[in-house]
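Before any comments, here is the structure.
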Amino acid sequence: MRKYLFVLPFLCLPSIATADWGKQLVNSVESSDYYQLLKQKLITANFEKEAYSQSFYNPEIQADYKNSEVNEFSIGISQTIDFSSKRQFSKNYGQMRLLSAQANAKEIERQLLFQAINALVELRKQQQLEQLNLQQKQLLSQLSKDIREKERIGELGKLDSQVSEIAMANFLSQTSKQLLDLNSAKEQTNIWFSNSESLPKSLPKALTTKIRAPFIEKLIEQTPQILLAQSQVNLLKADWKRTEALNKSDPTVGVNVGKEGDANTVGVTFSMPLNISNNYSSANSAKHSEFLEQDYQLAIARKLMKLEFKKEFSAYTQLFDSYQDWKTIASESIRGNEKLLVNLWQEGEITTSEFIVANQQRLNALKSGIELQNNLYKQYILWLSTSNQLRSWLMNQ
């Protein structure tokens, strides 16, 4: 039997192939249609801000003519005076709408970056599993050939061939789902990267140093989620103040000149709505209540975010410790077991069935390492995303 065919190399963790892979990923996200839509929404928000900053009232021109025994005509101009500062409150409301749109854009950008790198991490995992399965398939194929040769010369019986064929059949059945997962991962990655050539060649090296416990309260206030919630509070407060101003009455004054027969006329007009039948107090109270609701929502969001931070950081530290334990224990065991299995099978100390079972255990251990590494990466990325550190981390890779 060819000894090298039974060497399943320990699956090394990826190293950096390009120093700017993080910037490459950010650029890919910023080139996507999702990001372009986000930019267009901000352009719209800027136009809306300008619209809310315009004068609230336009002047009006009036003309009257009466054809009678004495011809009468007049022309005048009137202007409603913004005593209730409707324009100022509307301008402030427009500014709050823009800030809220910007906060929402930051939150969506955070989600897009997370989805992109998450897809990339999942693709790398599936590619590692594919590589491992390919090595296993080659091993089992060569094993079947060697067994048939040994059977021909009388060293092994028919049962060994059947065992190896069953092992191959089970293996092919198990790997079919992995191929579907690989195709799905490729499709998700293609959303962010136009082709395989634009994919970053590798992820950064596995995390070797546990990140320190953060100052959670400070991080919370910097997250897009809380900034968005705070902007919603400010927006509803501005809307409340604007509604109060809009529901106040403003006077309209005007001046007109005309002629009644041979006499010239000059007049002054004054009008002002009287909020008697409806003083709009209920509408104002409703807007104030909406503002208070959002303020409570912000307080709840802060508490939930604090719990989320603690949960995610705890999950990260546990996964980090588990992965370090796996590298210490499993990797050494796999390295030693590899040569031992080959020697024992060649010397006839273990049967083909025992070899296949032991080799499957090695394969499962390698796959568990890939899964653990993948989970650690994803948890670390989730932590960076939630704490608003993902973009800066990517730009520094």
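Since every read-out is calculated from the coordinates, none of them should be taken as a lab result. Keep in mind that what you see is a predicted model, and the values were worked out from it rather than measured. Here Cβ is always computed from backbone atoms with ideal geometry, including for glycine, and neighbour counts include all displayed protein chains.
A simple spin-label model places the labels of residue 325 and residue 346 3.6 nm from each other, with each point 7 Å out along Cα-to-Cβ. In the elastic network of the chain, a GNM with C-alpha springs shorter than 10 Å, the most mobile of 62, 225, 297 is 62. Straight-line cross-link reach from residue 66 at under 19 Å between alpha-carbon atoms covers these aspartates and glutamates, not counting any fewer than eight positions away in the same chain: 260, 262. Its Cα gyration tensor gives segment 205-304 an equivalent ellipsoid, and the semi-axes of that ellipsoid, as √(5λ) in whole Å with the largest first, are 58, 18, 7. Springs between Cα atoms under 10 Å define the GNM used for the chain, and in it the highest mean-square fluctuation of 67, 58, 190 occurs at 67. Between residue 152 and residue 85, the distance separating the two model label sites (each 7 Å from Cα on the Cα→Cβ line) works out to 9.8 nm. Pairs exceeding 23 Å between alpha-carbon atoms, taken from 218/241; 310/378; 327/378; 306/378: 218/241. Each residue of segment 66-79 was assigned a 3J(HN,Hα) from its phi angle through the Karplus expression (A = 6.51, B = -1.76, C = 1.60, θ = phi - 60°), giving 10, 8, 9, 4, 10, 4, 10, 8, 8, 9, x, 9, 9, 8 Hz with x at Gly and Pro. In this structure, residue 262 and residue 286 have a Cβ-Cβ separation that, at R0 = 56 Å, corresponds to a calculated FRET efficiency of about 0.45.
Which one of 323, 226, 307 has its Cα pushed farthest toward the positive end of the charge dipole of the chain, where Lys and Arg give +1 and Asp and Glu give -1 at the Cβ? Ranked along the dipole, the leading option is 323.
The label point for residue 165 and the one for residue 64, both projected 7 Å from the Cα toward the Cβ, are 10.9 nm apart. Using just its DSSP H runs of length 4 or more, each adding -39500 (n - 2.57), the chain gives a mean residue ellipticity at 222 nm of -24500 deg cm²/dmol after division by all residues. Remark: segment 89-105, residue by residue, has Karplus-estimated 3J(HN,Hα) of 5, 5, 4, 5, 5, x, 5, 5, 5, 5, 5, 5, 5, 5, 5, 5, 5 Hz, where x stands for each Gly or Pro and the curve is 6.51 cos²θ - 1.76 cosθ + 1.60 at θ = phi - 60°. Candidate cross-link partners of residue 49 among the lysines, defined by an alpha-carbon separation under 16 Å and a same-chain spacing of 8 or more, comprise 39, 41, 86, 91. Dimensions of segment 46-129 from C-alpha coordinates, computed as largest minus smallest value along each principal axis and given longest first, are 101, 27, 11 Å. A DSSP coil position with no more than 12 other Cβ atoms inside 10 Å describes the following GluC sites (Glu not before Pro) in segment 30-90: 69. Placing +1 on the Cβ of every Lys and Arg and -1 on the Cβ of every Asp and Glu, with nothing else charged, gives the chain a dipole about its Cα centre of roughly 1260 debye. Among 369, 387, 176, flag the residue with its Cα farthest along the positive direction of the charge dipole of the chain, charges on Cβ as +1 for Lys/Arg and -1 for Asp/Glu. Positive-most Cα among the choices belongs to 369. Residues considered: 94, 157, 258. Largest GNM mean-square fluctuation over the chain, using C-alpha springs under 10 Å, is found at 258. Note on residue 216/residue 365: beta-carbon distance plugged into 1/(1 + (r/R0)^6) with R0 of 51 Å gives a FRET efficiency of 0.90. The convex hull drawn around the Cα atoms of the chain, when projected onto a plane and averaged over every direction, covers 31.6 nm².
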